[in-house]
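Here the structure comes first, spelled out in structure tokens, and everything after it is commentary.
Just so it is clear, none of the values below were taken in a lab; they were calculated from the coordinates. All of these numbers come straight from a predicted model, not from anything done at the bench. Note that we place each Cβ from the backbone using ideal geometry, even for glycine, and neighbour counts take in every protein chain shown.
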Amino acid sequence: MNVKIIAILIMSAVACIAEVAITVYNDGFGLVKEERTIDVEKGISSFDYSPVPSGIFPQTVHLKGSGIAVLEQNYEYDLVSTDRLLEKNIDNEIRITTEKGDVFEGELLAADGSSILLKIKSELTTIRVEQILEVTFPRVPDRFYTRPTLAWLLYCEKGGKQNTELSYMTGGIGWEAAYVSTVNRDDTRLTLDGWVTISNRSGMTYEDATLKLVAGDVHRAEQKHAIPARAKGGYMEADASVLGFEEESFFEYHLYSLPRSTTVADRQDKQLSLFEPAETPAEKKFIFESSRGNKVRVEMVFKNSKERGLGMPLPEGIIRVYKEDKSGALQFVGEDRIEHTPKDEEVRIYLGNAFDITVERNQTDYRRISNRVSEEDYEIKIRNHKEEDVVVKVVEHFWGDWYIKAHSEKGNQKDARTYEWEIAIPKDGETILTYTVKRK
């Protein structure tokens, strides 16, 4: 259905964007700074600032310029459409031309998307939407908007062209880190390659923008009155001449700056290299923790230190791990999500459960020594069906006042609730760990 509009249209003023910078937070919002030249009348006048993202938080808008100030601001997001014009013209006269050439003029009483109800003189006429060729609105609202707009009442000392800087926050945009890792043949080293995925559903494209990312848990105050949702949705030293971001400490967070401009388009998932691939020593560990089930967990562990080829903060994200098979083809072996990890901290990647290592855990005895004291005996059988020897870390948790009275293998108490053993199991063999815990 075509709509012919007869009226004087007041369009939003489109200012020339000289420069745009966007800082994206991993909590799903961004901070935008734009430099624009706008043409403003002297004194007090109205000005429509557009385009702005549909996900903008209008209460965060800040305009900076010499001799210019915002006195009032309205965020206009009731955008023009045929349906909205019909709604706004209820009880007004409209003219409808059908595909057959028939013309109907009358008072618009209702429009529900499938038909239009007109009052023509003293009669009611219903016209089906699929029959309509053209709708003419003799009366339209004084102002309407084709895209989200900041409608300002400005005060300007001199008038004319003004260089301004506008900053605001917007929802609908966020980023997440992702890592690709390849393990060598004997599981002693891995390569790490980092990527950033920026998801933009803010309702605006940021052309040739200066891009920065903030990693960390930034606190934001809860909004008492919700704003209507309009948007869904090894480390090496950084070098601006190569792919990757430059990292720096910023307040209690970490800031990653792209050393070149880039375009972040609306309704786009954009991937950028976070850093150049790096290689670091790693260790494969087998862990049995009865509180997590009866399987042996497989983890790859490495230290995020400069001495080991890394040494810069790792943003939260998913690490996907691959390994070559005998033919040289890469195979996926597991993935895990890591939290924000500072430098010099250990990274543990849980990849899955061991197929060839089985565990059988049983409580073999219980003795009540007194009303407040008891003893429990446990037996843990670990069988290794692999073709090489392995070491399994056995982790047991206890509560209250306790201590290990006796055990068949030497272990150590990690903290007030945890005891650990490193148990060696020969290839195609079995090792039995027994222990007695005394509780009060």
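Straight Cα distances below 16 angstrom link K393 to the aspartates and glutamates E283, E289, E299, D356, E360, E379, E409, D415, E420, E422, E430, with same-chain residues fewer than 8 positions distant left out. The lysines whose alpha-carbon is closer than 24 Å to the alpha-carbon of K64, local same-chain residues fewer than 8 away aside, are K33, K42, K158, K161, K212.
In the chain, the calculated helix contribution to ellipticity at 222 nm averages -500 deg cm²/dmol per residue, counting -39,500 (n - 2.57) for every DSSP H run with n ≥ 4. Checking the cross-link pairs K285/K306; K323/K386; K284/K405 against a 26 Å limit on the alpha carbon distance flags K284/K405 as lying beyond it.
Since only T262, Y145, V218 are under comparison, the one whose Cα sits farthest along the positive direction of the charge dipole of the chain, derived from C-beta charges on Lys, Arg, Asp and Glu, is V218.
Within a Cβ distance under 9 Å of A111, other residues only, what is the Lys/Arg minus Asp/Glu net charge?
Net charge in that neighbourhood comes out at -3.
A straight Cα-to-Cα reach below 22 Å connects K88 with the lysines K4, K119, K121, residues fewer than 8 places away in its own chain not being considered. For the chain, the Cα gyration tensor yields ellipsoid semi-axes of 65, 29, 22 Å (square root of five times each eigenvalue, largest first, whole Å).
How would region 82-137 be classified by its alpha-carbon gyration tensor: rounded, prolate or oblate, with rounded meaning a/c under 1.5 and the a/b versus b/c comparison settling the rest?
Working: a/c = 1.44, a/b = 1.09, b/c = 1.32.
In terms of gyration-tensor shape, rounded.
Region 379-440 and region 40-74 have their alpha-carbon centroids 67 Å apart.
Computed from the mean reciprocal separation of all distinct C-alpha pairs, what Kirkwood hydrodynamic radius does region 243-395 have, in Å?
On the way: mean 1/r = 0.0510 Å⁻¹.
Kirkwood radius, region 243-395: 19.6 Å.
Both radii come from the Cα set of region 357-439: Rg as radius of gyration, Rh as Kirkwood radius; their ratio Rg/Rh reads 1.03.
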